[in-house]
1. Just grab the label-to-label distance for residue 225 and residue 253, each label 7 Å out from Cα along the Cβ direction, in nm (one decimal).
2. According to the Kirkwood expression over distinct Cα-Cα pairs, how big is the hydrodynamic radius of the chain, in Å?
3. I need the peptides 82-95, 53-66, 264-277 ranked by packing, meaning the mean over residues of other C-beta atoms within 10 angstrom, with the highest value on top.
4. Stretched out fully, how many nm does the piece from residue 264 to residue 211 gain, at 0.36 nm a residue minus the Cα gap?
5. Compute the Kirkwood hydrodynamic radius of segment 17-128, taking the inverse of the mean of 1/r over all pairs of distinct Cα atoms, and give it in Å to one decimal.
6. Considering only C-alpha atoms, what is the centroid distance from segment 231-275 to segment 106-146, in Å?
7. Once the convex hull of the C-alpha atoms of segment 167-270 is built, how many Å³ does it hold per residue, rounded to a whole number?
8. Send over the per residue convex hull volume for segment 28-72, Cα only, as a whole number of Å³.
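Nothing in this text is a laboratory measurement; each read-out follows from the coordinates by a stated rule. Note that the coordinates shown come from a computational prediction; the quantities given were computed from them, not determined experimentally. Here Cβ is always computed from backbone atoms with ideal geometry, including for glycine, and neighbour counts include all displayed protein chains.
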């Protein structure tokens with residue numbers, strides 16, 4: 001009886017560990033570069049139906065990683081609970097990185113044509129967090145406006161820049177290139193984002209906080225403030241969400257991540273204005289008046 005109880009208690013973690021081995025093998029086929037997948041996020045619900053799996057829907061090679069979250073799939077730890085904090089997630093958690101070092105990150109993401117948006121709840125697809133103390137730095141989010149870049153209010157003045165609208169985002173692969181040095185010095189820090197080869201963010205200034213020497217990447221589906229969706233649509237059910245990731249990689253130089261002609265094309269581009277999405281937690285749908293065009297020096 002004691003042996004049976006022990007196996008029952010630890011069965012969810014055994015299943016996740018086995019799944020992670022297969023997922024890491026698939027990720028390795030595209031190369032890790034300077035970032036190493038460490039584990040499936042410990043707050044994934046042990047009762048989740050199919051939180052993370054290897055898929056044949058790919059744009060690089062023959063495999064991608066599929067993330068799925070269904071209603072009520074929230075996880076708990078002894079000191080942390082998504083169930084008690086209005087959240088649900090399915091994420092891969094990466095090993096810690098040092099700051100003040102330039103990085104070039106690449107992601108390919110695919111949101112199905114029939115993707116179920118849960119806006120105005122928050123939906124992060126990619127995020128970096130600083131540690132000790134733990135604070136979010138930036139997120140790539142899905143909103144009513146589509147794919148947006150969020151310099152998060154945990155660390156900066158909150159802002160949401162539109163990268164790709166839903167009419168061209170859903171149902172096709174999107175390439176994200178993100179270049180930064182995570183530097184806290186306003187004269188040295190910078191952040192740049194290219195979407196499908198087009199420059200969308202060109203920020204110069206503080207790109208980290210002065211406390212906490214390590215940060216890390218996590219990506220997949222991370223929903224927060226889900227009660228906002230329930231309130232906006234008068235429901236207790238959050239719809240199923242699915243996203244695919246492929247070719248996730250990072251290097252210290254562009255030429256290690258991409259070929260030289262593409263690097264030259266990316267770094268030669270300029271941008272004059274951003275489309276700022278004025279996020280409203282009560283919005284049921286996208287409104288044109290929620291988009292404001294501003295010069296690139298407004299970001300802080």
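1. Between residue 225 and residue 253, the label points sit 4.2 nm apart.
2. Roughly 19.9 Å, rounded to one decimal.
3. With the highest mean Cβ count within 10 Å placed first, the list reads 82-95, 53-66, 264-277.
4. My answer for the length gained is 15.7 nm.
5. 15.7 Å
6. 10 Å
7. Spelled out: Cα convex hull of segment 167-270, divided by residues, is 171 Å³.
8. 93 Å³
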